[in-house]
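Working notes for the structure below.
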Amino acid sequence: MMSVLEIKNFSKSYGGGKYAAKDVNLSVEAGDIYAFIGHNGAGKSTTIKSVVGVLDFEEGDILVNGHSVKTEPMEVKREIAYIPDNPDLYEHLTAIQYLNFIADIFGIDADVRRQRIESYAKEFEIEDALNDLISSFSHGMKQKIAIISALIHEPKLFILDEPFVGLDPKAALTLKNIMKRMCESGCAVFFSTHVLDVAEKLCNKMAIIKGGSIIVTGNMEELTADKSLEDVFMEVTEHE
Amino acid sequence: MNKGRSILLKTFLRAQSAGNIIKYEKDKKKRKKAKSTRIGFIFVYLLVAFYAFFFGLGYGIAGLTDYMPLSAAITCIALSFFMTFFKADGYMFTNKDYDMVMALPISVKDVVSARFLYMYIWNLPMTCVMSFSILAGYIIWAPFNLIKIIIWIVLTPLLPMLPMVLATALSTLFAGVGTKFKYRRVIQVLLTFAFTFVCFTSRYWVEKFFKEDKIDNNMQNIGAAFDKTGKYIFTANWFAKAVNGPSIIYIVLFVAVSIALFEVFSYIVAKFYRQLNTKLTSRVRANKYKEHALKKNSATMAIAYKEFRKFLSSNNYLVNIGFGEVLVIFLCVAFLFVDAKSVISTITSGAPIEPKILIPAVPMIIHFLLGMMSSTCCSYSLEGKSYWILQSCPIDLCDVVNGKVLFQIILATPFAILGNLILSIKLGGNPIEVILCVIVGCVLSIYTATCGMFSNLSHLKLEWENEIEVIKQGAATVIYMLPNMFVNMGLVVGAVFLAKVIDGALVIAIMGVVYALLAFIFYKLSLSKVRKINV
């Protein structure tokens with residue numbers, strides 16, 4: 001079966017001989033909720049940004065549903081949705097203007113987009129705020145808008161960088177439910193997080209990255225066995 | 001225009017327009033501020049229109065109506081080139097929305113061209129105001145010809161295209177060269193200033209090395225001067241020929257070349273855009289922290305030092321604010337190594353001006369360069385989303401104003417002293433005039449700092465996507481810069497003429513007293529404004 005996301009021998013250097021990511025290999029299948037865990041500066045964001053085509057890289061390749069980020073970036077971007085760790089939305093647009101902009105880019109029909117926006121806005125309880133300027137929103141509200149904008153085209157691969165930061169407990173639960181729903185419908189979720197409890201409960205696979213290299217990868221159940229993810233993480237990152 | 005590009009462009013424009021704030025903002029104060037920003041811009045455009053209209057009228061009176069299209073084109077092209085050159089880097093690269101936009105299924109060429117067109121559309125009102133105001137003078141003096149007027153109006157929006165493409169290409173090139181070095185920011189800034197130096201002195205070098213005939217300042221030869229300039233700025237020449245002809249061939253040539261160059265530019269930059277952005281936004285971690293002795297400073301000094309670090313860490317901030325200081329250095333070097341008469345002759349296109357009569361205007365000449373931009377015009381707005389740091393510190397916001405004003409004074413005053421000293425001595429000033437020039441130069445530095453701060457606090461903008469929005473195109477900057485420039489130009493001429501009636505030293509002293517008073521008033525107004533800020 002073809003992987004939804006396949007990272008092959010990916011390396012990224014910012015110059016000066018230091019690698020932000022070194023020989024990273026991992027594979028995300030349809031139905032996976034994949035946690036990407038590591039300390040600050042371990043190389044998580046570099047890897048994620050390279051996957052979504054934001055960062056340029058020379059070594060290795062990244063494939064999304066068989067399309068290479070290097071040679072077929074547009075095909076890749078049509079299949080993914082990405083939420084950065086600190087989504088910088090256009091502050092002087094209203095929420096609905098911003099969602100419309102994203103829907104325009106993906107060419108979503110007017111009726112379909114209306115239905116999807118209404119449904120997600122209801123789920124995240126922000127229907128009344130859609131006509132407000134984004135500049136008036138809290139961090140959590142902005143995060144909710146970013147999540148809705150990412151879901152509007154029903155992506156095959158959902159990539160999130162620290163998605164739970166700033167979300168209230170209810171919104172965090174909604175996001176987790178959406179992630180599960182997506183996986184049940186044959187999509188995949190790949191996200192970085194520092195919240196190990198969430199990763200342990202939500203994900204079926206995980207990778208731990210340290211100093212730019214993957215040090216552990218595999219099934220969550222097999223890797224944790226009788227220990228907690230926190231114990232595993234501390235153990236492998238201390239010893240490596 | 002293709003779909004991705006037009007959607008992006010529409011969103012960029014909407015995200016920055018005051019219209020959205022006026023329509024959707026619930027906070028009355030913010031709506032009022034957006035409206036006053038619009039009014040401020042209209043005031044500036046009216047000022048430019050007034051100036052350009054009389055500029056055009058002057059050409060009409062001198063019987064040079066045939067040269068008016070060329071003159072309008074050259075003015076708009078030069079203005080567009082330099083206005084773009086100093087901000088293109090900020091518009092094209094390292095945008096806050098870069099990650100979001102690049103992750104969308106839009107081709108890189110569309111992203112590049114939408115960013116360029118956004119900058120282009122922002123520049124259009126100024127070009128149109130300038131060109132149409134000269135056209136008004138043209139309509140008054142030239143025999144009425146509707147076709148010519150229509151061609152002028154239709155082609156004007158395309159005038160900035162080529163200079164903006166060139167300026168952005170150069171800026172991109174400098175950014176690209178910078179990324180090859182460890183100290184990329186330093187290289188980029190050096191290249192920018194070196195190019196500016198070449199531009200401002202090109203006329204001198206052409207005359208020196210190619211022994212070209214100097215252009216006389218009499219009216220008969222102004223036409224020849226324009227012909228000569230038109231030879232180099234070919235789109236200006238095509239615009240003039242299209243209007244004067246009127247010529248279909250030149251209309252087609254002008255339109256086709258402008259659009260083709262824009263498309264070629266977008267295509268080429270798109271090839272390197274992601275790579276360049278990656279390099280510009282990447283930071284290699286510095287070596288391990290070494291402990292230094294840490295000194296204790298007052299809150300005001302701490303703010304001033306923070307401003308200094310900010311100044312050094314941003315290309316856009318450094319280039320735009322430090323530009324006047326660099327020009328003063330160029331001027332001082334010119335006056336030190338070339339005799340005063342030759343320098344004046346080169347700057348004024350050979351006008352027969354006796355150096356000594358310029359002495360009363362020396363502080364204003366230096367102020368024209370140093371006061372063109374002030375860090376205080378944007379330093380408060382630049383706090384942006386980090387403003388909470390200052391707000392939550394146990395300091396009076398007046399200390400923040402003091403710190404930012406202090407930084408501008410420390411930055412500009414040494415150059416003011418140097419410039420006034422060298423110019424007044426080289427122009428043959430007596431000791432009293434020299435001392436007065438230096439003192440008034442310092443007063444003008446303080447005025448620049450306080451006036452800029454007042455402008456910034458009057459048009460405070462803490463919510464921005466890209467720092468260039470407040471550094472270069474913010475209402476505070478434009479409203480400070482243009483009126484000051486026009487008043488300054490008037491005062492240079494005024495000081496020279498006034499010195500024919502009263503003693504030159506007295507003229508300098510009077511200006512010093514007036515500006516000291518203004519500096520004090522703006523300082524007090526700034527303190528009162530900052531106390532009322534409620535974000």
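Take the residues of the stretch B:112-148 that are assigned to a helix (DSSP H, G or I) and among the small types (Gly, Ala, Ser): which is farthest from the other protein chains (Cβ to nearest Cβ)?
The first filter runs over the stretch B:112-148 and keeps only residues assigned to a helix (DSSP H, G or I), leaving B:112-141, B:146-148.
This time we only want the ones that are among the small types (Gly, Ala, Ser), so: B:113-114, B:131, B:133, B:136-137.
On the way: B:Ser113: 15, B:Ala114: 11, B:Ser131: 30, B:Ser133: 31, B:Ala136: 34, B:Gly137: 38 Å.
Looking at residues that are assigned to a helix (DSSP H, G or I) and among the small types (Gly, Ala, Ser), I get B:Gly137.
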Tell me which of these B:Tyr51 doesn't satisfy, since it passes every other one: (1) open to solvent by 60 Å² or more (accessible area, probe 1.4 Å); (2) more than 17 Å from B:Asn484 (Cα to Cα). (2)
For the structure I just gave you, tell me whether B:Glu325 is of a type in the set (D, E, K, R), farther than 30 Å from A:Ile134 by Cα and open to solvent by 30 Å² or more (accessible area, probe 1.4 Å). no
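This table checks each residue for (1) within 11 Å of chain A (Cβ to nearest Cβ); (2) in contact with a helix residue (DSSP H, G or I) (Cβ under 9 Å, 6 or more places away or on another chain).
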| residue | (1), (2) |
| --- | --- |
| B:Ile7 | yes, yes |
| B:Lys10 | yes, yes |
| B:Ile21 | yes, yes |
| B:Lys28 | no, no |
| B:Lys35 | no, yes |
| B:Gly63 | no, yes |
| B:Pro69 | no, yes |
| B:Phe93 | no, yes |
| B:Met102 | yes, yes |
Here is a list of conditions, (1) free of Cβ contacts under 8 Å to residues at least 24 places away in the same chain; (2) open to solvent by less than 10 Å² (accessible area, probe 1.4 Å), and A:Leu223 meets all of them except one; can you say which number that is? (2)
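Let's see how each residue does on (1) farther than 30 Å from B:Val243 by Cα; (2) touching a Phe, Trp or Tyr at 6+ places or on another chain (Cβ under 7 Å):
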| position | (1), (2) |
| --- | --- |
| B:Val48 | no, no |
| B:Tyr51 | no, yes |
| B:Gly63 | no, no |
| B:Ala72 | no, no |
| B:Asn95 | yes, no |
| B:Asp99 | yes, no |
| B:Val112 | yes, yes |
Which residue, of B:Lys96, B:Lys109, B:Lys33, B:Lys10, is modelled with pLDDT under 85, in a helix (DSSP H, G or I) and surrounded by fewer than 21 Cβ atoms within 10 Å (Cβ to Cβ)? B:Lys33
For the stretch A:80-172, which helices (runs of 4 or more DSSP H) that fit wholly inside it have 3 or more residues that are at negative phi, away from chain B (no Cβ under 13 Å) and open to solvent by 30 Å² or more (accessible area, probe 1.4 Å)? A:110-123
Answer yes if at least one residue in the stretch B:76-87 is touching a residue at least 12 places away in the same chain (Cβ under 8 Å) and within 14 Å of chain A (Cβ to nearest Cβ), and no otherwise. no
Verdict on B:Lys241 being within 24 Å of B:Pro160 (Cα to Cα), among the basic types (Lys, Arg) and at pLDDT 90 or above: yes
Suppose we keep only residues that are at the interface with chain B (Cβ under 10 Å from one of its Cβ atoms) and surrounded by fewer than 21 Cβ atoms within 10 Å (Cβ to Cβ) within the stretch A:47-72. Which one would you say is modelled with the lowest pLDDT? A:Glu58
So in the stretch B:148-178, with the set limited to residues that are among the β-branched types (Val, Ile, Thr) and buried (at least 18 other Cβ atoms within 10 Å of the Cβ), which one is farthest from B:Ile134 (Cα to Cα)? B:Thr172
Failed condition for B:Lys356, given (1) part of a helix (DSSP H, G or I); (2) modelled with pLDDT under 80, with all others met? (2)
Could you list, in sequence order, the residues of the stretch A:12-27 that are small (Gly, Ala, Ser) and without any contact (Cβ under 8 Å) to a residue 60 or more places away in the chain? A:Ser13, A:Gly15, A:Gly16, A:Gly17, A:Ser27
Within the stretch A:185-196, the residues that are at pLDDT 90 or above and surrounded by fewer than 17 Cβ atoms within 10 Å (Cβ to Cβ) are A:Ser185, A:Gly186
Identify the single condition in (1) touching a Pro at 6+ places or on another chain (Cβ under 7 Å); (2) within 14 Å of chain B (Cβ to nearest Cβ) that A:Leu175 does not satisfy, given that it satisfies every other one. (2)
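Quick check on the stretch B:501-535: of everything there that is of a type in the set (D, E, K, R) and modelled with pLDDT of 85 or more, which residue is least open to solvent (accessible area, probe 1.4 Å)?
Residues of the stretch B:501-535 of a type in the set (D, E, K, R): B:503, B:524, B:529, B:531-532.
Now restrict to residues that are modelled with pLDDT of 85 or more: B:503, B:524, B:529, B:531.
Values: B:Asp503: 97, B:Lys524: 104, B:Lys529: 76, B:Arg531: 156 Å².
Applying the filter and picking the extreme gives B:Lys529.
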Any idea which of B:Phe234, B:Phe254, B:Phe262, B:Phe239 is open to solvent by 50 Å² or more (accessible area, probe 1.4 Å) and hydrophobic (A, V, I, L, M, F, W, C)? B:Phe234
Being over 23 Å from A:Met179 (Cα atoms) and in contact (Cβ under 8 Å) with a residue 60 or more places away in the chain is true for just one of A:Ala35, A:Ala42. Which residue is that? A:Ala42
Qualifying residue in the stretch A:23-34 (condition: out of contact with any Leu (no Cβ under 9 Å at 6 or more places or on another chain) and within 14 Å of another protein chain (Cβ to nearest Cβ)): no
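The values are calculated or read from the model by the stated rules, or taken from the named source; none is laboratory data. These figures come from a predicted structure and were not determined experimentally. Cβ: placed from backbone, ideal geometry, glycine included. Neighbour counts: every protein chain shown. Calculation scope for accessible area: heavy atoms of the full protein, side chains included, ligands and nucleic acids excluded. Shrake-Rupley method; radii C 1.70, N 1.55, O 1.52, S 1.80 Å.
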